[in-house]
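Have a look at the structure below, then the notes.
The values are calculated or read from the model by the stated rules, or taken from the named source; none is laboratory data. Keep in mind the model is a prediction, meaning the values are calculated, not measured. When we count neighbours, we look across all protein chains shown, and the Cβ atoms used for this are built from the backbone with ideal geometry, even at glycine.
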Amino acid sequence: MTKPTAFSRYARVLILTLLFPAVGLGGTRDQVFRCNVGELHPTQFAVGMAEVREKERKLINMDPGDLEEYKRKHPEPAVKGPGGTLYIIDHHHLARALYDIGAEKTFCVEEADYSALDNAAFWKKMDEKKWVYAYNEYGEGPRPYSELPATVRGLEDDPYRTLAWAVREAGGYKKTDAPFAEFKWADFFRDKFSRGDINNDLKGCTKKAVKMAHSPQASALPGYLK
């Protein structure tokens, strides 16, 4: 049997896309839509760049058809704000990775439409929903919402967010839907390691941090495992 080419796989994905349009969380077709990666507005200040780089390595090894399918299966959850601006409320690492590899388009799923609100009412609503994290890459805040980066390119690196991700991947705590869980773990580690230590020896810091994550001191954190 002839091995399918990258083009044939892409054509298959395109045909499936036309025949079976993506469905949003609420079940209507118009909730999932194409969006421009460079126009997505973050609702947090920082990411863990090591996690971003890991996602980049995965994405650049995909052929065009598989990448398109992956993006469709992992849409950016977005809120429509004043002026129709799209604010993503999760998947910031994926959005930054897509931007860095030069992907211009991805898919978004509309979680809410607050485009009729003014700025003050919009951010109040976002805060009530816990859809914005106003602490910067040093854990300082809350910062004014006006200081949030305008695009995913402006997301800063927080090594402690990287460490929190690495600890979870190593079984230090379980994945949870609790708001800002990884940032809470990042803050837990913030006074226990230096930024330089994490950047220079992530593996060694992760090993030590996993033990700390299982300690009683961390028992109140989301996803805690004894």
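Where helices (runs of 4 or more DSSP H) fall wholly inside the stretch 154-208, no range has 3 or more residues that are touching a Lys or Arg at 6+ places or on another chain (Cβ under 6 Å) and in contact (Cβ under 8 Å) with a residue 12 or more places away in the chain. Of Glu68, Glu56, Glu76, Glu128, all but one fail to be free of Cβ contacts under 8 Å to residues at least 12 places away in the same chain and either buried (at least 16 other Cβ atoms within 10 Å of the Cβ) or not assigned by TED's automatic domain parsing to the domain that holds Phe183 (or both); the exception is Glu128. Scanning the stretch 48-103 for residues that are closer than 22 Å to Asp177 by Cα, of a type in the set (Val, Ile, Thr) and touching a strand residue (DSSP E or B) at 6+ places or on another chain (Cβ under 7 Å) yields Val79, Ile88, Ile89. When you check Gly139 against the structure, is it more than 15 Å from the chain's Cα centre (by Cα), at pLDDT 95 or above and part of a loop (DSSP other than H, G, I, E, B), yes or no? The answer is yes for Gly139. Tallying residues that are out of contact with any helix residue (DSSP H, G or I) (no Cβ under 8 Å at 6 or more places or on another chain) and among the aromatic types (Phe, Trp, Tyr) within the stretch 170-226 yields 1. Identify, please: which residue in the stretch 77-133 is in a strand (DSSP E or B) and of a type in the set (Asp, Glu) and is, among those, farthest from Gly48 (Cα to Cα)? That would be Asp113. Could you check, for the stretch 97-111, whether at least one of its residues is in the same structural domain as Asn36 (by TED's automatic domain parsing), touching a His at 6+ places or on another chain (Cβ under 7 Å) and polar (S, T, N, Q)? Within the stretch 97-111 (the criterion being in the same structural domain as Asn36 (by TED's automatic domain parsing), touching a His at 6+ places or on another chain (Cβ under 7 Å) and polar (S, T, N, Q)), the answer is no, since none of the residues qualifies. Within the stretch 148-174, the set of residues being of a type in the set (D, E, K, R) and either in contact with a Leu (Cβ under 6 Å, 6 or more places away or on another chain) or closer than 15 Å to Ser219 by Cα (or both) comprises Arg168, Lys174.
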